[in-house]
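Enquirer: Okay, here's the structure, questions in a sec.
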Amino acid sequence: MPELPEVETTVRGLERVLQGRRISRVEARRADLRRSFPKDLGQRLTGATVTGLGRRAKYGLIHTDRDDTMIFHLGMSGSWRIDHASLEKHDHLLLETEDGKRLALNDPRRFGSVDLVATDELEDWPAFKALGPEPFELDVRDLQKRLRGRTAAIKLLLGDQRIVAGLGNIYVCEALYRAGIHPKRPSGSVSLERLKRLVVAIHDVLNEAIEAGGSTLKDFISPDGELGYFSKNFSVYDREGEPCACGGTVKRIVQGGRSTFYCARCQH
Ligand SMILES: [Zn+2]
């Protein structure tokens, strides 16, 4: 499942072929993914020039000179393919640029989505309205304020989109491990010093993954190139029963219906 680093890598890859380019053709090859494509998608994008790309939480943003923003979500299995030799069954949306690039949004399981919103209304778009700050814009004092008095486990609140936007289960586990914070610790009891370490850890785990993704970008414009998926190494995530670097053993518990991986020796 694409997490924030995959979406960031995808956006950076798309930027290389879309930034400043005019979209010459749009083809929706079915009516919907998780929900319907906007009815006027083709009409509003065809002939528009891409003025910039971005990311909010796990959504990719493509801004145009018509003051529209196309918002895409990769769902469970989505990816963009660039200049593929031939169409595949799950290429559901095609974009072509005036300079001859062909992009396909491929999504076998169709949990992804595509929306088109006026750029100046993005902040009020329902899925964005309630989002907390981006992980890279986290302010430690602000985080402390929002966790103050909260008894819910730190693992659960870090995964809450209203506290931090787009930080998935994997990166919550990894960041807590690096910061030495036990996933069950009541959120309001984490000291400012430890929250500072946590914010640094969040930045580090995301940046390392984005860098790993970036190194795969150099050859993404190749026949059947698929953007954004890459292998990563985790210290605790999905490593139940395996040794931690400290000599302890990685444990798995379930919190809020999702697996948490941690080391009881390193995390308090
Ligand atoms: Zn350990």
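Here's the yes/no breakdown for (1) assigned to a loop (DSSP other than H, G, I, E, B); (2) within 14 Å of the ligand (Cβ to nearest atom); (3) at pLDDT 95 or above:
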| site | (1), (2), (3) |
| --- | --- |
| 204 | no, no, yes |
| 218 | no, no, no |
| 231 | yes, no, no |
| 236 | yes, yes, yes |
| 246 | yes, yes, yes |
| 260 | no, no, yes |
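Enquirer: Looking at the range 239-250, I want the residues that are over 18 Å from residue 171 (Cβ atoms) and among the charged types (D, E, K, R) and have a partner that is more than 7 Å from the ligand (Cβ to nearest atom) and part of a loop (DSSP other than H, G, I, E, B) with Cβ atoms under 9 Å, at least 6 apart or on another chain. Which pairs are those?
Expert: Every condition considered, the pairs that remain are 242/236.
Enquirer: Still on this structure, please answer the following. Here is a list of conditions, (1) more than 13 Å from the ligand (Cβ to nearest atom); (2) of a type in the set (A, V, I, L, M, F, W, C); (3) modelled with pLDDT of 95 or more; (4) in a helix (DSSP H, G or I), and residue 210 meets all of them except one; can you say which number that is?
Expert: Just one mismatch for residue 210, condition (3).
Enquirer: Could you tell me whether the range 151-165 includes any residue that is crowded, with 18+ Cβ neighbours inside 10 Å and within 16 Å of the ligand (Cβ to nearest atom)?
Expert: Checking the range 151-165: not a single residue is crowded, with 18+ Cβ neighbours inside 10 Å and within 16 Å of the ligand (Cβ to nearest atom).
Enquirer: Just the residues that are in contact (Cβ under 8 Å) with a residue 40 or more places away in the chain and either in contact with a helix residue (DSSP H, G or I) (Cβ under 6 Å, 6 or more places away or on another chain) or surrounded by 15 or more Cβ atoms within 10 Å (Cβ to Cβ) (or both), please, taken from the range 199-211. I'd like the intermediate steps shown before the answer.
Expert: Restricting attention to the range 199-211, the residues satisfying the condition of being in contact (Cβ under 8 Å) with a residue 40 or more places away in the chain are 199, 202-203, 206, 209-210.
Once the filter is applied, which keeps residues that are in contact (Cβ under 8 Å) with a residue 40 or more places away in the chain and either in contact with a helix residue (DSSP H, G or I) (Cβ under 6 Å, 6 or more places away or on another chain) or surrounded by 15 or more Cβ atoms within 10 Å (Cβ to Cβ) (or both), the range 199-211 yields 199, 202, 206, 209, 210.
Enquirer: Need at least 3 residues that are farther than 17 Å from residue 11 by Cβ per element, so show me which strands (runs of 3 or more DSSP E) inside the range 41-128 make the cut, counting only ones lying wholly within it.
Expert: 91-97
Enquirer: Of the residues that make up the range 20-36, is at least one closer than 23 Å to residue 119 by Cβ, touching a residue at least 12 places away in the same chain (Cβ under 8 Å) and β-branched (Val, Ile, Thr)? Break it down into steps so the answer makes sense when it comes.
Expert: From the range 20-36, those closer than 23 Å to residue 119 by Cβ are 20-26, 28, 33-36; that's our starting set.
Restricting the remaining residues to those that are touching a residue at least 12 places away in the same chain (Cβ under 8 Å) gives 20-26, 28, 33-35.
Add one more test, that the residue is β-branched (Val, Ile, Thr), and what stays is 23, 26.
Yes, the conditions are met somewhere in the range 20-36.
The values are calculated or read from the model by the stated rules, or taken from the named source; none is laboratory data. None of the values given here were measured: they were computed from a predicted structure. Because the Cβ atoms are built from the backbone with ideal geometry, glycine has one as well, and the counts that use them run over all protein chains shown.
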